[in-house]
Amino acid sequence: MIRKIPVRDLLPGMYVVDLHKRWLEHNIWRQHFLVRDDGQIARLVEEGIVEVSIDTARGLDVAQPERPKSPPPGSQYRSLADLKASRPRQVSLAEERRRAVLLLREANDHVVELMLAARGGRHVDAARLEPVVGRMLESVQRNPDALAPLARLKQSQHYDTEHAVATAALIIAFGRQQGLPAPEIEKLALGTLLKDIGQAAIDARLIGKPGMLSQAEYSVVQSHVEEGLAVLEATVRLPETAVAVVLEHHERYNGCGYPYRMAGDEISLAGRMAAIVDTYDAMTSERPYRAALSPSDALRQLFDQSGSQFDPALVAAFVHTVGVYPVGTLVMLESRHLAVVEQQHADNLLSPIVRVIYHAGRRQYVEPVEVDLARKVGNHYGQIVGAESYERWGLSPLRWQPA
């Protein structure tokens, strides 16, 4: 039951569903939340909130004596092995990758159109993204080794839109690993596709500036979060989860992010997940001001920053989502052969399926051969020694990505 009450009657344990005030007139980023303590209520009063609506089915009513128990943290997590065992294998991986190429192109076209609409001050019809988001989820359900690895391959001149699509593909896979329901995953993906739409209001030369930004320039770039919310609020009503992604993808676990300097569990699950996929995809992309990191190096940096920049439990879960050696990574084998990771094993992340392409000792190409490192029989190449750089060996990462 939804009940409207004066803010003075609000108690810890009540679940707020409406602040009865426009987003841009206060600094409370979330419309729906469980009240944790009196300090949170005091902040509402400070922000000029006069009355709120509470959902008595999700929290305390005015007359209820006890606060309902929350589910234990992490109870929604599922292993990648469980997910892969349950998903249908309706097409081959090669066929799924062929479909994914077309799907990514369609998604990118939609995001380009929405960015152009935002730049021109026209209506941003986010509803157009819903069908493509649904098909992206179906693709990941069929095989998570197709869509997200292909989305990581970008053209530098189209980075903004391709980054949006890549992070959507990643967060879909991440959401499935977390055991989230499909409607919630679709909201996460919608938010990631729209999270940078505020950049339409910022000079493109500033976004892609090769050198260091001045403090003033950095402040302008940071403003894209609230610019994006202003554009979206004026044109469309987004679900709460999607709004959280837009607002919080630059917040950091230690409170050093922006725009609100939220910390820890003040940041929603959606925001903490979005921060990880946004950073991972940015690190593995070529930018005017720095070279792309390999997927393994990017994961290593995320791991190093877990507990400070990022939620440590979610970073560990993300590694299980993409694999210790993500699809597309160049690796060195014990035989001194170089190979490209083709496909993950859900129950053995250290021994994926690879395609051997090069002999590092002789510095020459070999006839490409697919090898399942998890199988001892027929594996004459040994296990992975470590990740390698395509540039170091003069190999093209685009040429040797899984097809």
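The values are calculated or read from the model by the stated rules, or taken from the named source; none is laboratory data. The structure presented is a predicted model; accordingly, all values stated were derived computationally and were not measured. Please note: Cβ atoms are built from the backbone with ideal geometry, for glycine as well, and neighbour counts cover all protein chains shown. Keep in mind that these areas ignore ligands, DNA and RNA; they rest on the heavy atoms of the full protein, side chains included. Shrake-Rupley method; radii C 1.70, N 1.55, O 1.52, S 1.80 Å.
So, in the stretch 225-264, of the ones that are open to solvent by 20 Å² or more (accessible area, probe 1.4 Å) and small (Gly, Ala, Ser), which residue ends up farthest from Gly121 (Cα to Cα)? Across the stretch 225-264, the extreme among qualifying residues is Ala263. When Val133, Val165, Val140 are checked against the criterion of being of a type in the set (A, V, I, L, M), closer than 17 Å to His320 by Cβ, open to solvent by less than 10 Å² (accessible area, probe 1.4 Å) and not in a loop (DSSP other than H, G, I, E, B), a single residue qualifies: Val140. Restricting attention to the stretch 283-295 and to residues that are under 22 Å from Glu342 (Cα atoms) and touching a helix residue (DSSP H, G or I) at 6+ places or on another chain (Cβ under 8 Å), the residue that is surrounded by the fewest Cβ atoms within 10 Å (Cβ to Cβ) turns out to be Glu286. Tallying residues that are small (Gly, Ala, Ser) and surrounded by 22 or more Cβ atoms within 10 Å (Cβ to Cβ) within the stretch 91-117 yields 2.
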